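Derivation of every value follows stated rules applied to the coordinates shown; laboratory data play no part. Only a predicted model underlies this, so the values are computations on that prediction, with no experimental measurement involved. With ideal geometry, Cβ positions are generated from the backbone for all residues, glycine too; neighbour counts draw on all protein chains shown.
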Amino acid sequence: MRPIVLLLAIVLTSCTRPVASGGADLAGELAGYAAGAPQSCVMNLPSHGLRVIDSSTLALGSRGTIYVNHLGGPCPAISSFNTLIVDAQNGRYCRGDRVHGLEPGALIPGPVCILGDWVPYHRR
């Protein structure tokens with residue numbers, strides 16, 4: 001029985017993402033980028049990789065442009081370990097769309113938070 005538990009722990013650990021430390025990670029990720037004018041929507045493409053920076057910041061990046069969205073405030077269920085659920089329309093993430101997190105093993109998603117504008121950062 002113990003080997004199965006150990007194997008399960010290894011498999012589950014390999015599926016998790018490292019915890020983001022928020023501002024420091026965002027500053028490091030945006031080094032060498034310049035901010036552009038905020039946009040109300042961005043395309044939801046698989047190659048963009050929506051990810052959590054911290055409980056109030058999401059990022060989406062692709063080919064020299066990283067889009068950052070600051071939610072209205074901390075969202076309790078948004079973390080690096082949770083699955084993000086975005087109620088998006090027409091293949092785009094837009095200001096006003098609802099986002100919430102689903103904790104591992106949970107059946108019901110956490111509280112709803114609202115997306116703000118997306119700020120593009122372009123490689124200099």
So R92 and L45, fully extended at 0.36 nm per residue minus their Cα-Cα distance, gain in nm 16.1 nm
Nitroxide proxy distance, nm - points 7 Å out along Cα→Cβ at L102 and I85
0.6
Using R₀ = 35 Å, calculate the FRET efficiency as 1/(1 + (r/R₀)^6) where r is the Cβ-Cβ separation of R123 and H70; round to 0.05.
0.95
